[in-house]
Amino acid sequence: MKRKLNRIFDRLHSAFGSQHWWPADTAFEVMVGTILTQNTNWANVEKAITALKEKKLLSPDKLYQLKAEKLAGLIRSAGYYNIKTARLKSFLKFFFDSYGSKIKLMAKQDLVLLRRQLLAVNGIGPETADSILLYALNKPIFVVDAYTKRIFLRHGLIKKEAQYSQVQDFFMRNLKQDTKLFNEYHALIVKLGKEYCRKQNPKCEICPLHGQ
């Protein structure tokens, strides 16, 4: 299985090249983006991020002090803006209370403990927590999303009823524990899911993994 997963990675990387994820200027921007991208597409998130940048508000201090109504208006393009405002505010409170809004301090925390802390924040589930850990804090943890489940289910490598933790464990048991590998692998999976292994009308015949 280890060889098969590495072979899949090699084929995807050969087809698509490095994806340079997460697309952001700072680790804090990644954190905000992981919450904004819940239940929406990245194009909508980019509009919200741009709106925050234009107002020079994309910093922990400024977002923490910003009134919820104002924040909701600025991130409207990301959808579910009132819910996401509340989630951002909950995360910011945790970030300030537990780590004084210091990225470096947060990054030094033990992975297992930090993940548990993130999951205790209102509105942060496993995918969001792991995206923060991997993409913002460079922790070696594999992110699982709908694309991951769809692709590897279709290839018969996971079961339909597999839970998030089971799919994550499948990758982490069979891949080298390497942050860069986990980062690139997940990014390539997203690329494949968006362009080929689509929910409707998948392009199986021309998929880079065809025959794999």
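The values are calculated or read from the model by the stated rules, or taken from the named source; none is laboratory data. Because the structure is predicted, anything quoted here is derived from the model rather than measured. Backbone-built Cβ (ideal geometry, glycine too); neighbour counts: all protein chains shown.
Before moving on, here are some points about what is shown:
- Residue check for LEU36: crowded, with 17+ Cβ neighbours inside 10 Å, assigned by TED's automatic domain parsing to the domain that holds ALA120, modelled with pLDDT of 95 or more and within 30 Å of CYS207 (Cα to Cα): yes
- The set of residues in the stretch 57-69 that are out of contact with any Ser or Thr (no Cβ under 9 Å at 6 or more places or on another chain) and either part of a helix (DSSP H, G or I) or farther than 20 Å from ALA136 by Cα (or both) comprises LYS62, LEU63, GLN65, LEU66, LYS67.
- Residue count for the stretch 1-34 satisfying the condition of being among the acidic types (Asp, Glu), closer than 21 Å to LEU88 by Cα and part of a helix (DSSP H, G or I): 1.
- Residue that is over 14 Å from ILE132 (Cα atoms) and either surrounded by 20 or more Cβ atoms within 10 Å (Cβ to Cβ) or in contact with a Lys or Arg (Cβ under 7 Å, 6 or more places away or on another chain) (or both), where the choices are LYS84, LYS67, LYS56: LYS84
- Yes/no for TYR147 being touching a Cys at 6+ places or on another chain (Cβ under 9 Å) and aromatic (Phe, Trp, Tyr): yes
- Annotation: of all residues in the stretch 162-198 being more than 19 Å from the chain's Cα centre (by Cα) and in contact (Cβ under 8 Å) with a residue 12 or more places away in the chain, the one that is surrounded by the fewest Cβ atoms within 10 Å (Cβ to Cβ) is ASN174.
- Residues of the stretch 89-123 classified as polar (S, T, N, Q) and more than 12 Å from ILE35 (Cβ to Cβ), total: 4
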